[in-house]
Each structure stands twice: as C-alpha cells, then as structure tokens.
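None of the figures in this text is laboratory data; all of them are computed from the coordinates on show. Predicted, not measured: the structure shown is a model, and the values here were computed from it. Note: ideal-geometry Cβ built from the backbone for every residue, glycine included; neighbour counts use all protein chains shown.
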Amino acid sequence: AQARVMVVDDDPQILMALRNLLNPWGMKLHTLDNPLKFWETIEAASPDLLILDVEMPYHSGIELCQAVRNNRFWAGLPVLFLTAHTDVETMKQVFAVGADDFVSKPIVGPELVTRILNRLERSRLLRNLTRTDALTGVANYRYSSQELNQLLAKAQYQSQPLCFALLKLDCLKQINLQYGHALGEQVLSRFGELLRQSFHSEDVIARWGGSEFVVGMYGMNHSEGKQRLCELLNILRQEQFRTPNHRQVQVVFSAGIVEYPRDGEDLQTLYQAADAWALQAKASGGDHVLSIELQSSSLQTSVSSQ
C-alpha cells in the first residue's frame, strides 16, 4: 500500500521541495502550512508518518508532537522533526516530547529519504506484530477496536454513515472436529485473504474470535455495505477446500449488518445489533446476510441470500 506522509511546515518552499523529493518514491504526501488546521488535516490524511518543523507560528512542532503523543488514537504515529537548530537544548526538547528522529536543515535529500523509509519499515514491522492476527492477516481485536472507535468519531465529526458487519463462518467448528485443525486454519487463512481483497484499504477488517470477523465500512450506506457482503459470500461459495481424504468442502458464512447512527451510536451497541442479526441468520440455516431496512414509514426485515 502507498505510504502516507504528512508534513507540517510554514515555509512553502520546504513543502514544495519535500513534495518533489518524496513523490518519486511513491509516497502520498499531505502538506500543511497552518498548524491551526492540524487536527482536521491529520484525521483526513490518516498518515503513516508525520514530519514537523520545530519552529512555526501559533503552535510549534514541539507542541504538536506532545499533543500527538497524548492522543490515544495517534500516540504511536512515527514523528520526524525538521530543524535548523541542532544545539543540545533543542535536541533534548525534540526527543523529550517523543520524536522518533530528526533531520537538520538545509535538507539533504538522500538522508531524509533514507530516514523516512527506515522509519516506515520499522513502523510496518511493529504494526504487523502488534495489530495483526497472524493466521488471517487481518487486524486483531485490540487494534481494530481502536480503529473502529476512531472511524465512529470521524463519522460523527463529518456527519457520514458507517456500516458495521459481523460475519460468522458457519461450519468451522465441524471442519475442525471432522477433518482436523490444519484444514480449519487453511479455511481461516483463505477467508482472511478474501476479506482483504473485498474491502477498501480504509475499511477496518478484523478477526474477533475463532470464526467471528467484523468489518467497518466508513462513508458507506446500508444498502452498499450489504451488497459488498453478498458479493463476498458469492465469492466464498466458489471456494473448494480439500480434506485429508480428498473430499471437497464448501464454506459459507452468516452475517448481520447495521448502520451508524441509525442502529447504534457506539461500538458496543452496533456489535450487539449486528450479532443478533448474525445469530438469526445462522439459526435460519446460515449462508446469508440479515439486517433491517427502513422502507417508507415501517421497519422491514431484509434478507440477502443471493
């Protein structure tokens, strides 16, 4: 995926130079020359790395870095400083507020690119270790809960819808008992791959239990989200898994989908609503998506089972 880098500097020449320097490396650069717009920009850009100038009007880079480290959503974001001052006192301040690295001005292009690439790679490795379910390659419960809450806050701030889906593989327990855990792990690994292929990079995809997965789709209305789930279910139906005795096994899922803020305004409420629909879908035979749709002035249950 394309690395997203956000740069905050009040000097337009520096911003232009960085754009020319980093664009050839395939990085998506977000520049900001007014620190007063910092929070709305970082929410929109969702950067993988933040570059700050030490001295700026209104808010210094030191103050912004300190605020980032005190924010529970952004505390782990790698921060690199640009500074024309390399005296001991400035360096103490920079690292005291949680900077990961610094580059002195005037900027030496190869040095800055190398430091950025190294920091992005270290961040990626650490992120994979602490945020990802090793078997499926999707996010784990702890990290995805933070990401989903962040998406909900963003949806509230920007008055956008958000779809939350809960998916339960229908036959995983039976596969494990009848054919062994090796086949069950193969099913989980492949399903994780299909999930990553079926949703956007900004969506939150996670494994929350043995056979339970969740998906948060920002800016998507109920009907669009349900259509995506039905498409995924059709794709999964085409998959065939070979048992140790060379039989072919088909895997499907039951799912419930709800929409913020219509069906709930916090993660727990949305989960409970989606779980109720997923359980109902499974109890009625599985292999479909259940939800509620508002049609005219009445509530109607809508079942998707393409």
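Taking neighbour counts of Cβ atoms within 10 Å as a proxy for exposure, in what order, fewest first, do Arg124, Arg142 appear? Each step should come with its number before you reach the end.
Values: Arg124 13, Arg142 10.
In increasing order of surrounding Cβ atoms, one gets Arg142, Arg124.
Taking the Cβ of Leu172 as the centre, find all other residues whose Cβ is under 11 Å away and add up their charges (Lys, Arg: +1; Asp, Glu: -1). Walk me through the numbers before you get to the answer.
On the way: positive: Lys168, Lys173; negative: Asp170, Glu185, Glu212.
With Lys, Arg at +1 and Asp, Glu at -1, the neighbours total -1.
In a shell of Cβ-Cβ distance under 11 Å around Leu18, excluding Leu18 itself, what net charge do Lys and Arg (+1) and Asp and Glu (-1) give?
Numbers: positive: Arg19; negative: Asp9, Asp11, Asp53.
Neighbour charge sum, excluding Leu18 itself: -2.
Counting pairs on different chains as well as pairs 8 or more places apart, how many Lys pairs in the chain have Cα atoms under 20 Å apart?
Counting lysine pairs in the chain gives 7.
Would you work out the relative contact order for the chain, in percent, from Cα pairs under 8 angstrom that are 6 or more residues apart?
13
Which FRET efficiency, nearest 0.05, do Gln13 and Glu202 yield, Cβ-Cβ r, R0 25 Å?
0.20
Express the relative contact order of segment 191-298 as a whole percentage, based on alpha carbon pairs under 8 Å and six or more residues apart in sequence.
20
Just one of (i) 15.6; (ii) 18.8; (iii) 14.8 is mean projected area of the Cα convex hull in nm² calculated from these coordinates, so which is it?
Computing mean projected area of the Cα convex hull in nm² and matching it to (i) 15.6; (ii) 18.8; (iii) 14.8 gives (ii).
Per the helix-only calculation at 222 nm, which mean residue ellipticity applies to the chain, given -39500 (n - 2.57) for every DSSP H run of n ≥ 4 and division by its residues, nearest 500 deg cm²/dmol?
Rounded to the nearest 500, the figure is -14500 deg cm²/dmol.
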